[in-house]
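This report refers to the structure that appears directly beneath it.
The values are calculated or read from the model by the stated rules, or taken from the named source; none is laboratory data. None of the values given here were measured: they were computed from a predicted structure. Here the Cβ positions follow ideal geometry from the backbone for every residue, glycine too, while neighbour counts run over all protein chains shown.
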Amino acid sequence: MPHRVAAMLRRVSQGVCFLGAAVIVLLPFPILYEIALDKLHRPPDWVFEISGYMMIALAFAASGYGLGTGHHFRVTLVLDSFPRLAPFLDRFAGLLQTAFGVILAIAGWNQAYASWAQDLRSATLLGVPQFWPQLALPLGGIVIALQGMATLLYPNVRRGLRES
């Protein structure tokens, strides 16, 4: 049963990552638009700012999935030296991921809410309400926490994800 719940949590992280990957498909279009208008000496003001927000959202959306697949920076010195501790250390890492994700989600939401309450806008011609791009923080926190809970329920070591 725990492996089914863990698999479901991992699928949620993967789904959010795939939604973020859709950003990669859409990202070239505004950039190509800017290039075309720049050649006509009429560059748009909004492309650089919106592209930056899209890249930040992509990074946060993919964070949980990256943790689950092992495609992130990992130090395996202790795991390699003491392989019997691997399940314990993997669960400990899951606990830390869950705690970090919850903290990031709460702090990110508080930041976004404060920006919304104060009607904080970017200091650019576009004047984007900062609430919208700041929602990437709680989104990233949620997927990191979900991935951490999945690791707590069913450690990555048992699934053969330990890489050197």
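Take the residues of the range 40-64 that are among the charged types (D, E, K, R) and in contact (Cβ under 8 Å) with a residue 12 or more places away in the chain: which is surrounded by the most Cβ atoms within 10 Å (Cβ to Cβ)?
If we filter the range 40-64 for residues that are among the charged types (D, E, K, R), which is where we start, we get 42, 45, 49.
Pick out the ones that are also in contact (Cβ under 8 Å) with a residue 12 or more places away in the chain and you get 45, 49.
Working: 45: 11, 49: 16.
That would be 49.
Do you know which of the residues in the range 1-16 that are in contact with a Gly (Cβ under 8 Å, 6 or more places away or on another chain) and under 11 Å from residue 151 (Cβ atoms) is surrounded by the fewest Cβ atoms within 10 Å (Cβ to Cβ)?
Residue satisfying both the conditions and the ranking: 10.
Kindly indicate which of 10, 74 is in a loop (DSSP other than H, G, I, E, B), touching a residue at least 24 places away in the same chain (Cβ under 8 Å) and under 23 Å from the mean Cα position of the chain (by Cα). Please lay out each step first, then the result.
On the way: 10 fails: in a loop (DSSP other than H, G, I, E, B).
Only one candidate qualifies: 74.
Within the range 95-128, count every residue that is without any contact (Cβ under 8 Å) to a residue 40 or more places away in the chain, surrounded by 17 or more Cβ atoms within 10 Å (Cβ to Cβ) and not small (Gly, Ala, Ser).
2
Is it the case that some residue within the range 138-149 is touching a Ser or Thr at 6+ places or on another chain (Cβ under 6 Å), in a helix (DSSP H, G or I) and surrounded by fewer than 22 Cβ atoms within 10 Å (Cβ to Cβ)? Walk me through it before giving the result.
Applying the first criterion (touching a Ser or Thr at 6+ places or on another chain (Cβ under 6 Å)) to the range 138-149 yields 140, 143-149.
Still in the running and in a helix (DSSP H, G or I): 140, 143-149.
Among the residues that remain, those that are also surrounded by fewer than 22 Cβ atoms within 10 Å (Cβ to Cβ) are: 149.
Taking every residue of the range 138-149 in turn, at least one turns out to be touching a Ser or Thr at 6+ places or on another chain (Cβ under 6 Å), in a helix (DSSP H, G or I) and surrounded by fewer than 22 Cβ atoms within 10 Å (Cβ to Cβ).
Given the residues 84, 42, which is the only one that is assigned to a loop (DSSP other than H, G, I, E, B) and either more than 25 Å from the chain's Cα centre (by Cα) or modelled with pLDDT of 90 or more (or both)?
Numbers: 84 fails: assigned to a loop (DSSP other than H, G, I, E, B).
After ruling out the rest, the residue left standing is 42.
Condition first: within 20 Å of the chain's Cα centre (by Cα) and not in a loop (DSSP other than H, G, I, E, B). Now tell me which residues in the range 111-137 satisfy that.
Listed by number, the residues that qualify are 111, 112, 113, 131, 132, 133, 134, 136, 137.
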